[in-house]
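Below is one structure, written out as structure tokens; comments come after it.
The values are calculated or read from the model by the stated rules, or taken from the named source; none is laboratory data. This one's a predicted model, so the numbers in the text were calculated from it and none came from an experiment. Cβ atoms come from the backbone with ideal geometry, glycine included; neighbour counts cover every protein chain shown.
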Amino acid sequence: MDCIFCNLIKGNLPCSRFYEDENFVAILDIRPVNLGHALLIPKKHFVNVLDAPDDVSEKIYPVIKNITTAMKQAYKCDGFNIIQNVEEAGGQEVFHSHIHIIPRYKEDGIKFGIPHKAYGSQEDMCLWAKKVADILNR
């Protein structure tokens, strides 16, 4: 397998690693959106949240919390964007699961412009919600 993140985790490629435990590695992104933009990468190779092992899913939020708490102190930032791009249509470019942690500042000028669209009436929205609920409740 020729996965760039697997190679980073193994130490075969240089990176700015600042966190590591038995499950995850955190590095600074080489194409940062803002100062301190980091990637939290599971050591187990899987594509994204859709095929994430449950044990990884259960452990990731405490790590994100610890990293963002440390970043808030280190960078004096005002907030964060925590993003996972899923599949090509969702903007995923590297197909080894990873989460972007982006420190944000009140006046940083970064805008994540997602246009809002109307998809019908409240009744239509209830029908769309029911489709997902029915699948979840199988």
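Worth pointing out:
- Scanning the stretch 3-30 for residues that are among the polar types (S, T, N, Q) and more than 16 Å from the chain's Cα centre (by Cα) gives ASN7, ASN12, SER16.
- Selection within the stretch 47-85 - hydrophobic (A, V, I, L, M, F, W, C), assigned to a loop (DSSP other than H, G, I, E, B) and either loosely packed, with under 14 Cβ neighbours inside 10 Å or at pLDDT below 95 (or both): ALA52
- Residue count for the stretch 67-76 under the criterion of being in contact (Cβ under 8 Å) with a residue 40 or more places away in the chain and either over 15 Å from ILE27 (Cβ atoms) or touching a Ser or Thr at 6+ places or on another chain (Cβ under 8 Å) (or both): the result is 1.
- Residues that are in contact with a Cys (Cβ under 8 Å, 6 or more places away or on another chain) and aromatic (Phe, Trp, Tyr), drawn from the stretch 31-80: none
- Of all the residues in the stretch 94-138, those that are in contact with a strand residue (DSSP E or B) (Cβ under 8 Å, 6 or more places away or on another chain) and aliphatic (A, V, I, L, M) number 4.
- Number of residues in the stretch 86-121 that are closer than 13 Å to LEU39 by Cα and in a strand (DSSP E or B): the value is 5.
- Selection within the stretch 16-40 - in contact (Cβ under 8 Å) with a residue 24 or more places away in the chain, among the small types (Gly, Ala, Ser) and more than 14 Å from TYR75 (Cα to Cα): ALA26
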